[in-house]
Amino acid sequence: MNKRTIKKLAQTALDMRKMAYVPFSHHAVGAALLAKDGHVYTGCNIENSSYSPTICAERTAFAKAVSEGEREFTAIAIAGGFGEVPETYCAPCGVCRQVMVEFCDKDFVVILVKTPEDYRQYTLEEIMPLGFKIEDVAAGKYAER
Ligand code: THU
């Protein structure tokens, strides 16, 4: 991925933190999901008084994209933290990683953003080895059935 694209995604993820609805954790997360056709879908985390309906920024972006007919993705930038500027590289939770496995190839790029110049880049395979996918089960990759 070229640096210009990464910086644009990183800035969008940072901007999306402003939309986060986080009255409980105060941990604001923004995401920018790049589809293979070039469209960028955004997301923020949306918390709930009942806690468990909370949705992460990454899954908000995937829900928006898939519900618009998008199925193929190149990369996601994620920016999350408590302060004005993220103080850590916010890694996606296990549920979001599982959603990525459902729709993305092993080389899908996951960018954890502090600033557009300060980020870490991983592949989906690095952060989610042995992810569960129904095709793999059907192909007998994990176990005899
Ligand atoms: N959260 C995300 O939106 N994405 C992540 O990658 C990690 C966690 C949200 C969920 C919850 O609203 C808050 O951050 C604290 O866990």
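By the rule of a C-alpha distance below 29 Å, with chain neighbours fewer than 8 residues away ignored, the lysines paired with LYS8 are LYS18, LYS36, LYS64, LYS106, LYS114.
Based on DSSP H runs of at least 4 residues, each adding -39500 (n - 2.57), what is the mean residue ellipticity at 222 nm of the chain after dividing by all its residues, to the nearest 500 deg cm²/dmol?
Details: 5 runs with 43 residues, N = 145.
Estimated from H runs of four or more residues: -8000 deg cm²/dmol.
Sequence-ordered 3J(HN,Hα) estimates for the range 35-52 from the Karplus curve with 6.51, -1.76 and 1.60 and θ = phi - 60° stand at 7, 4, 7, x, 5, 10, 10, 9, x, 9, 7, 10, 8, 8, 4, 8, 6, 5 Hz, glycine and proline given as x. For the Cα atoms of the chain, what angle does the longest principal axis make with the long axis of helix 94-103, in degrees from 0 to 90, nearest 10? Approximately 60 degrees, to the nearest 10. Only Lys, Arg, Asp and Glu carry charge here, each on its Cβ (+1 for the first two, -1 for the last two); on that basis the range 63-127 has a dipole of about 140 debye about its Cα centre. Distant-in-sequence amide contacts of PHE73, defined by a placed amide H-H separation under 5 Å and a gap of 5 or more residues or a different chain, comprise LYS36, ASP105. Taking the inverse of the mean reciprocal distance over all distinct Cα pairs, the Kirkwood hydrodynamic radius of the chain comes to 15.4 Å. Taking Cα atoms only, the orientation of helix 57-66 departs from the longest principal axis of the chain by about 60 degrees. Rounded to whole numbers, the Karplus 3J(HN,Hα) couplings from phi for the range 4-11 are 5, 5, 4, 4, 5, 4, 4, 5 Hz, using 6.51 cos²θ - 1.76 cosθ + 1.60 with θ = phi - 60°, and x at Gly and Pro.
None of the figures in this text is laboratory data; all of them are computed from the coordinates on show. Because the structure is predicted, anything quoted here is derived from the model rather than measured. Backbone-built Cβ (ideal geometry, glycine too); neighbour counts: all protein chains shown.
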